[in-house]
Amino acid sequence: MLNLGHQSNKDTLAKLMATEDITVIHKKVPTAYFDVKSRTLCVPILKEDMSPELRDLFAGHEVGHALYTPVDGWHDSVCEKGSMFKGYLNVIEDCRIEEMVKSKYPGLRRSFYKGYEELANDNFFGTHGQDLSKLNLIDRINMHYKNVPNVPLSLIHIS
């Protein structure tokens, strides 16, 4: 875990946006997360030169979980239905909370757009060189909401 030595302004902003005294940590993990039970937001350290927009994207997305993802019933509902259901529910929940947090904090819209653009350019989603029409529907929905260009959403792809 990265020891910042002091609480950054961005950490304080995340707490204010979440409207509670959440714990904000920074560490080398593959992606951001929010633990709905311990109320901990983790901002990943993906690279040394992460843009402010990417940091805002991660914090804003996870603040969305802090504000809108229910603590009770969420984990059980996704686990008892199996991994495919869990994958679909996670993507739909991410789309739902992102729209809500961007409505609550419109200043995040640019950070989300630029942050997802940076992730796509860095091949964070593993889509470079892929035929996006061959991805399963939920992955295409996920990529579409993350503004990855040229993602077909039709159920049937006609060549």
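Observations on the structure shown:
- Within segment 9-159, antiparallel bridges make up roughly 40 percent of the DSSP beta bridges whose residues both belong there.
- Percent RCO, i.e. relative contact order, over the chain, from Cα pairs under 8 Å lying at least 6 residues apart: 18 percent
- Taken per residue, the accessible surface of the chain reaches 59 Å², heavy atoms only and a 1.4 Å probe.
- Order by protection proxy (mean Cβ within 10 Å, highest first), peptides 58-65, 144-151, 123-130: 58-65, 144-151, 123-130
- To put it simply, the accessible area of the chain at a 1.4 Å probe is 54 percent carbon and sulfur.
- Within the chain, helix-based [θ] at 222 nm, where runs of 4 or more DSSP H residues each add -39,500 (n - 2.57), nearest 500: -15500 deg cm²/dmol
- Extent along principal axes [Cα atoms of the chain; Å; largest to smallest]: 55, 38, 29
- Dipole moment magnitude, nearest 20 debye, the chain about Cα centre, only Lys, Arg, Asp, Glu C-beta charged: 120 debye
The values are calculated or read from the model by the stated rules, or taken from the named source; none is laboratory data. Because the structure is a prediction, the values reported are computed rather than measured. Because the Cβ atoms are built from the backbone with ideal geometry, glycine has one as well, and the counts that use them run over all protein chains shown. Accessible surface areas use protein heavy atoms only, side chains included; no ligands, DNA or RNA. Shrake-Rupley method; radii C 1.70, N 1.55, O 1.52, S 1.80 Å.
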